[in-house]
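Input: a single structure, listed below in structure tokens.
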Amino acid sequence: MYDIAIIGGGPAGLTAAIYARRAGKKTLLLEATACGGQMNNTGKVSNYPALEDITGPQLAQSMQKQAEDLGAEIAYDRIVRIEPGFKLVGEEDEYLAKAVIIATGTEPRKLGLDGEDRLAGISYCATCDGGFYKDKVVAVYGGGNSAVHEALYLSGVAQKVYLIHRREELRAAGDVVEKLRSNQKVEMLLGTNVTKLLGDKKLTGIELSSGKSVELDGLFVAIGREPKCDFCSDLATDGEGFIVADESCTTSIPGIFVAGDVRTKELRQIVTASADGAAAAEAAIKYLA
Ligand code: NAP
């Protein structure tokens, strides 16, 4: 029986593990794939205080090492259910814990168009897949910070990058939008939606609500993210499915806490995920006492 089981090994989960172990609690962190979460797909991290020259994977490895050095156990399993008590049921095994911290993060929002899951050439991560598009023509769909950062990244690889957004104004921060506007490789198609994906096995282009068709080698979808927690239906969530909790990270079920991007909140950053991890661990420690 563990004191605290943490589901998810991104910055929220890893920070929770560090705080739980520093308080001497028997701690298990359960991760479905690889620790680090979205940090693993991030190039240079430029807004984590004091670490001016670090990449996402470096920061992830450093957090994981700190948690493990402090004695946190890590098991690789995908949790599918939490039963009262608490019993965490995974695809591989079952785990018992007195308190649970959910830190499962988010996943990319899908287009919902025919062919999205079938066609090669559709991606949700430029730093992961951008390298396949050297000197090719690609488009990024979305108008937030992710879309603009992805388009800037791809402009260093591809021959041409379209930035397609449903409104005339981009939601992304002014400085990066300016960088994008002055980039010769980027063409913006604003006030238009992607309505159809073209191609048989591989994407060859898209149709837009403006009536225009665009020939493409790749489409990068960056239209926001959704909470990733299939087993959270017993918990109170907001209208978009994020788990409701204030900054104490206490959920509607005693003994279950939430941290990071899967919690309802305004700002989703590495630093706010880590802050949640600390708060959730502290709340779990008080609950155990
Ligand atoms: P986001 O800020 O929510 O932007 C999502 C974009 O997708 C918006 O432009 C939105 O359009 C559009 N969109 C949403 N649903 C759509 C749909 N069904 N069809 C077409 N377009 C749709 O998401 P994000 O860019 O992934 O960023 C998430 C958070 O991470 C934000 O807080 C962001 O600031 C932060 N972030 C920060 C950095 C950084 O370096 N500081 C980098 C990346 C992300 P509308 O604008 O019309 O709503």
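Residues of the range 180-197 that are surrounded by 13 or more Cβ atoms within 10 Å (Cβ to Cβ), out of contact with any helix residue (DSSP H, G or I) (no Cβ under 6 Å at 6 or more places or on another chain) and without any contact (Cβ under 8 Å) to a residue 60 or more places away in the chain: 187, 188, 189, 190, 191, 192, 193. Of all residues in the range 197-205, one or more are of a type outside the set (Gly, Ala, Ser) and within 16 Å of the ligand (Cβ to nearest atom). For the range 208-225, indicate whether the set of residues that are in a helix (DSSP H, G or I) and touching a residue at least 40 places away in the same chain (Cβ under 8 Å) is non-empty. Checked against the condition, which is being in a helix (DSSP H, G or I) and touching a residue at least 40 places away in the same chain (Cβ under 8 Å), the range 208-225 yields no hits at all. Candidates in the range 99-141 are the residues that are outside any strand (DSSP E or B), in contact with a Gly (Cβ under 8 Å, 6 or more places away or on another chain) and hydrophobic (A, V, I, L, M, F, W, C); of these, the one that is surrounded by the most Cβ atoms within 10 Å (Cβ to Cβ) is 103. Could you go through the range 229-236 and let me know if any residue there is exposed (fewer than 14 other Cβ atoms within 10 Å of the Cβ), under 18 Å from the mean Cα position of the chain (by Cα) and touching a residue at least 24 places away in the same chain (Cβ under 8 Å). Yes, some residue in the range 229-236 is exposed (fewer than 14 other Cβ atoms within 10 Å of the Cβ), under 18 Å from the mean Cα position of the chain (by Cα) and touching a residue at least 24 places away in the same chain (Cβ under 8 Å). Residue 213 meets the conditions (1) buried (at least 17 other Cβ atoms within 10 Å of the Cβ); (2) assigned by TED's automatic domain parsing to the domain that holds residue 141 in every case but one. The failed one is (1). Being outside any loop (DSSP other than H, G, I, E, B) and of a type in the set (D, E, K, R) is the filter; apply it to the range 173-194 and report the residue that is farthest from residue 137 (Cα to Cα). Within the range 173-194, the match that is farthest from residue 137 (Cα to Cα) is 175. For the range 18-47, filtering for residues that are hydroxyl-bearing (Ser, Thr, Tyr) and modelled with pLDDT of 95 or more leaves 3. Across the range 19-67, the number of residues qualifying as at positive phi and without any contact (Cβ under 8 Å) to a residue 24 or more places away in the chain comes to 2. For residues that are in contact (Cβ under 8 Å) with a residue 60 or more places away in the chain and of a type in the set (Val, Ile, Thr), scanning just the range 78-110, find the one that is farthest from residue 122 (Cα to Cα). My answer is 100. Just one of (1) within 17 Å of residue 137 (Cβ to Cβ); (2) more than 10 Å from the ligand (Cβ to nearest atom) fails for residue 221. It is (2). Annotation: of all residues in the range 142-160 being farther than 15 Å from residue 124 by Cα and not in a helix (DSSP H, G or I), the one that is farthest from the ligand (Cβ to nearest atom) is 159. In the set (1) modelled with pLDDT under 95; (2) within 25 Å of residue 90 (Cα to Cα); (3) of a type in the set (Asp, Glu), the condition left unmet by residue 247 is number (2). Which numbered condition trips up residue 240, out of (1) within 14 Å of the ligand (Cβ to nearest atom); (2) in contact (Cβ under 8 Å) with a residue 40 or more places away in the chain? Evaluating residue 240 over (1) within 14 Å of the ligand (Cβ to nearest atom); (2) in contact (Cβ under 8 Å) with a residue 40 or more places away in the chain leaves (2) as the failure.
Take the conditions free of Cβ contacts under 8 Å to residues at least 40 places away in the same chain, among the hydrophobic types (A, V, I, L, M, F, W, C), surrounded by 14 or more Cβ atoms within 10 Å (Cβ to Cβ) and in a loop (DSSP other than H, G, I, E, B) and apply them to residue 283. Does it pass? Judged against the criteria, residue 283 is not a match.
The values are calculated or read from the model by the stated rules, or taken from the named source; none is laboratory data. All values derive from a computational prediction rather than experimental measurement. Note that each Cβ is placed from the backbone with ideal geometry, even for glycine, and that neighbours are counted across all protein chains shown.
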